[in-house]
Amino acid sequence: MCLAIPVRVETLLGDDQAIVELGETRKQISLALVDNVAEGDYVILHVGYALNKIDPDEAERTLKWFQQMENADQEINRALETGSHEIR
Amino acid sequence: MNKRNPFGAKLNFNTGVVEMIHGAGGKASSQLIDQLFVAAFDNDMLNEHSDQAKITLPEGQVVMATDSHVITPLFFSGGNIGSLAIHGTVNDVSMSGATPLYVSAGFILEEGYPLKDLKLIVESMAEAAREAGVAVVAGDTKVVEKGKADGVFINTTGVGVITNGVDLSVNKIQPGDKVLISGSMGDHGVCIMSKRANIGFESNLESDSASLNWLVSDMLSQVPGIKYMRDPTRGGVSAILNEIAYQCGVGIRLEEDQLPIKEAVRSGCELLGLDPLYVANEGKLIAFCPAEFADQLVDTMRQHPLGKDAAIIGEVIEDENGFVQLQTSFGGSRVVDWINGEQLPRIC
Amino acid sequence: MKYVDEYRDGKLAHKIAEDIRNLVKPELDYYFMEFCGGHTHAIFRYGIPDLLPENVHLVHGPGCPVCVLPIERIDAAIELAVRHNVILCAYGDMMRVPGSNRASLLKIKAEGADVRMVYSCNDVLMIAQDNPDSEVVFFAIGFETTTPPTAIMILQANNMALKNLSVFCNHVLTPSAIGTILESPEIREMGTLKLDGFIGPAHVSTIIGSQPYEYFAEEFQKPVVIAGFEPLDVLQALVMLIKQVNEGRAEVENEFVRAVTADGNIKAKKLVSEIFELRPEFSWRGLGNVPYSGLRIKQKYRHLDAEYRFVIAPSTGKENKACECPSILRGVKKPQDCKLFGKACTPEMPLGSCMVSSEGACAAYYSYGRFRMA
């Protein structure tokens, strides 16, 4: 449900309107649902309205999460139990 | 001897509009044909002002194709209904391997349509025809009452000849053959959609509408063994690949990482919830060739301006169910389904 | 495209899939329901099932507001366009949804009704202004993500004193649907539907926050992980769910931290409560009557409510008897278990709600996954 996409706020137009950009495409949308949006911020766009701002720090944290070795503990334990030196 | 001028004042292309009398077959019709169509297309056969063109064709298999064009909007970035009409018919003929030579153009005009815009359309057609090396040698004009047409409807029929003995056929396609595309997909569809009211977004995208006959000619003269070609239009690449897979009783496996898609098309599709595989093209072709010639073919295509983004996008596989599959960049796979109509923008 | 492409990286996907393989206990089977149609779409579009170990099963829930709209509501919209001659504005998703007798908005448009597809409800305001002599009705659908835009539009219509505009409101609430699934006999009593946790909806959660899911985690002892919209988000959420199951936890966790907070979008929530109130009950296709699950327009704005402006005849639309949507929507059965699937019921000729929208379990499976069956 809810096809929504992160877009960059390029130009604030006043009256709660803004031009946003996504990969060489631009669109005018409403910022009426979000406060304190600045040019350069990223928002989630759904049916012509920004729903929320994207937090860049949390976005970075999420990417780092993906890259972490999830099971390092289990692997080490398994290696110790079986006497195997192989840690994948 | 002075020839009398029966028409009086010249047609006012600045402020004039199409009227019912322009389609009635009388003097007004003649004036429109003479001062607009014949003037723009300008060739010996048309200059004869007959109801038919006597043409002589070179030796070889004769190929014919027809198309009717009812698009909205009539003008878009990169072209209009006129240039689109010529490109479309030239391409249909060229896909057989034939050299396109002659085109006919039938117009259904809406009463009240500005002559200024009609002139732009017809002149675009003339330019497109010149570039493709074809002549518009026959035509017809009718006018319908206001509200009964979307400004302009055009039918074009093209005739060409296969002069080089090439024999392209869908029945030659076999598992193991490679599938190639001449360039980025979805440009035309996204370009048109960005102009539609109630959707409107801005993009620098231009329609890819173009005549492919010179590219085809290079491909056929330099690479042996090309089996079949088709130009994807409405319904996108998915529509023709599904048709071909079904016809031949084979499967087609595409590689998502190899599909050439412009950034502006990707983002336009993301905004609307569309898949570029289903979005219209107007200046691209799909080619099938044996695996051993695929690299040579893609290199040949890339030498031509209309093929600079050509890519090998997949291969034909055994599959009597005729599915078109996509290997995703994740390594998973999914079906590229044969949908019924047009993909509509979605919010969910 | 920033904040999109990074979350679709194929190499990272394989790495996270490897994490999943290393985390799962081979003696267990894990069943997770994704509630959001967008997640169903992402799962099939990227071929995620191919990356998962065999003991991780994805169950598709009723996360598609188009699919769960009852046939009577479609019939009502059709009636507004045909009998009351309104200009009916609707999102693209609604155009092909079949009502009774296989009528649809697209079909009646072909027969002359003035049906207009819009991308944003804001466009409806302009249509009303451009057509002052016609009645314009907006066919509003969607979960909590789509409701705030409708609220703004109603507020603006009110401020502009537009006399020819009204809204046919079909907005529904996510937590109610989750509750209904969890309350179903298959889960509560019979234990025949195995469900170990939920992948929580992405964009609904940006509005309602993560807090509303706490009730379900506690009451039903099932973990909920709110996942972002992209495939890597879904995979990472599975990692988090599997860990919770392994550790015997039932908590609400948030993978979509870049856009979801505990409280959500307070401004949007306030706006919605200004315009809308809860209906005592609302019928969901496939789930039956669900209490306090739908919204209607408040008294103060009733002059903009299409159900008050027009008298709409009650519909007699009925579902096909062989349709397994009620079971499929609740995850009890799979699309292939339905006799009609792929034969009488296809995306071109959908009989039930699961096939109707591209987000529906049956439609997604038909479009993306059925070649595995062949």
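Please treat every number below as a calculation from the coordinates, not as lab data. As the structure is a prediction and not an experimental result, all values here were calculated from the model. Cβ: placed from backbone, ideal geometry, glycine included. Neighbour counts: every protein chain shown.
Can you tally the net charge around residue B:218? Count Lys and Arg as +1, Asp and Glu as -1, for every other residue whose Cβ sits under 14 Å from the Cβ of residue B:218. Local net charge: +1. Beta bridges per DSSP, both residues in the protein assembly as shown: antiparallel share near 60 percent.
For the stretch C:75-210, the convex hull spanned by the alpha carbon atoms encloses 135 Å³ per residue. A simple spin-label model places the labels of residue B:167 and residue B:3 4.9 nm from each other, with each point 7 Å out along Cα-to-Cβ. For the stretch C:244-374, the C-alpha radius of gyration sits at 1.41 times the compact-globule guess of 2.2 N^0.38 Å, with N the residue count. Counted by Cβ distance under 9 Å from residue C:89, the other residues give a net charge of 0, where Lys and Arg count +1 and Asp and Glu count -1.
Considering all alpha-carbon pairs of chain B, what whole percent are spaced by more than 33 angstrom?
Here the tail beyond 33 Å accounts for 33 percent of pairs.
Amide H to amide H, with H built 1.01 Å from N, residue A:24 comes under 5 Å of no residue 5 or more places away or on another chain. At what distance in angstrom do the alpha carbon centres of the stretch B:280-348 and the stretch C:193-249 lie from each other? Result: 37 Å between the Cα centres. Applying a DSSP loop filter and a limit of 12 other Cβ atoms within 10 Å to the GluC sites (Glu not before Pro) in the stretch A:1-62 leaves A:39. With viscosity 1.567 mPa s and temperature 4 °C, the Kirkwood radius over alpha carbon pairs of the stretch B:20-162 converts through Stokes-Einstein to a diffusion coefficient of 85 µm²/s.
In summary, the helical segments of chain B meeting the span-like criteria, namely a full DSSP H run, a Cα extent along the axis of 20 angstrom or more and a mean Kyte-Doolittle hydropathy of at least 0.0, are B:115-132. For residue C:34, the residues whose amide H sits under 5 Å from its own are C:59, C:61, C:199, ignoring neighbours fewer than 5 places away on the same chain, with H placed 1.01 Å from N.
Under a Gaussian network description of chain B, with springs only between Cα atoms under 10 Å, the residue in B:171, B:12, B:213 that fluctuates furthest is B:12. Using a Förster radius of 35 Å, what is the FRET efficiency between residue B:318 and residue B:66 based on their Cβ-Cβ separation? Nearest 0.05, please. Once rounded, the FRET efficiency stands at 0.50.
Let me test this: with uniform point scatterers at the alpha carbons of the stretch B:170-335, what is the Debye-based log₁₀ I(q)/I(0) at q = 0.16, 0.17 1/Å? Scattering profile of the stretch B:170-335, log10 relative to I(0): -0.90, -1.01.
Roughly how compact is the protein assembly as shown, stated as its Cα Rg over 2.2 N^0.38 Å to two decimals? List each step's numbers first, then the result.
Values: Rg = 29.1 Å, N = 810, 2.2 N^0.38 = 28.0 Å.
In units of the 2.2 N^0.38 Å rule of thumb, it is 1.04.
Count neighbours as other Cβ atoms within 10 Å of each site's Cβ, and list the GluC sites (Glu not before Pro) in the stretch B:1-61 that are DSSP loop with at most 11 such neighbours. Kindly include the intermediate steps, with their values, before the conclusion.
On the way: sites: B:19, B:48, B:59; in loops: B:19, B:48, B:59.
When the GluC sites (Glu not before Pro) of the stretch B:1-61 are filtered for loop state and at most 11 Cβ neighbours within 10 Å, B:59 remain.
A DSSP coil position with no more than 14 other Cβ atoms inside 10 Å describes the following chymotrypsin sites (Phe, Trp or Tyr not before Pro) in the stretch B:1-86: B:7.
For chain B, what does -39500 (n - 2.57) per DSSP helix run (n ≥ 4), summed and divided by total residues, give at 222 nm, in deg cm²/dmol to the nearest 500? Provide the component values of the computation, followed by the final result.
Details: 9 runs with 93 residues, N = 348.
Value at 222 nm, helices only, nearest 500: -8000 deg cm²/dmol.
Which values, in whole Å and largest first, are the semi-axes of the equivalent ellipsoid of chain C obtained as the square root of 5 times each eigenvalue of the Cα gyration tensor?
On the way: eigenvalues 255, 108, 72 Å².
Semi-axes from the Cα gyration tensor: 36, 23, 19 Å.
Across the stretch B:81-181, Cα-Cα pairs more than 24 Å apart make up 37 percent of the total. Across the stretch C:88-94, computed HN-Hα scalar couplings (Karplus, 6.51 cos²θ - 1.76 cosθ + 1.60, θ = phi - 60°) run 9, 9, 8, 5, x, 4, 7 Hz from first to last residue, x flagging Gly and Pro.
Rg of the Cα atoms in the stretch C:325-372, relative to 2.2 N^0.38 Å, amounts to 0.97. The alpha carbons of the stretch C:1-107 stretch over 61, 36, 16 Å along the principal axes, in descending order.
Here the dipole of the stretch C:325-372 is about 220 debye; that uses its Cα centre as origin and unit charges on the Cβ of Lys and Arg (positive) and Asp and Glu (negative).
Result for chain C in a Gaussian network model with C-alpha springs under 10 Å: among C:55, C:289, C:159, the largest mean-square fluctuation is at C:159.
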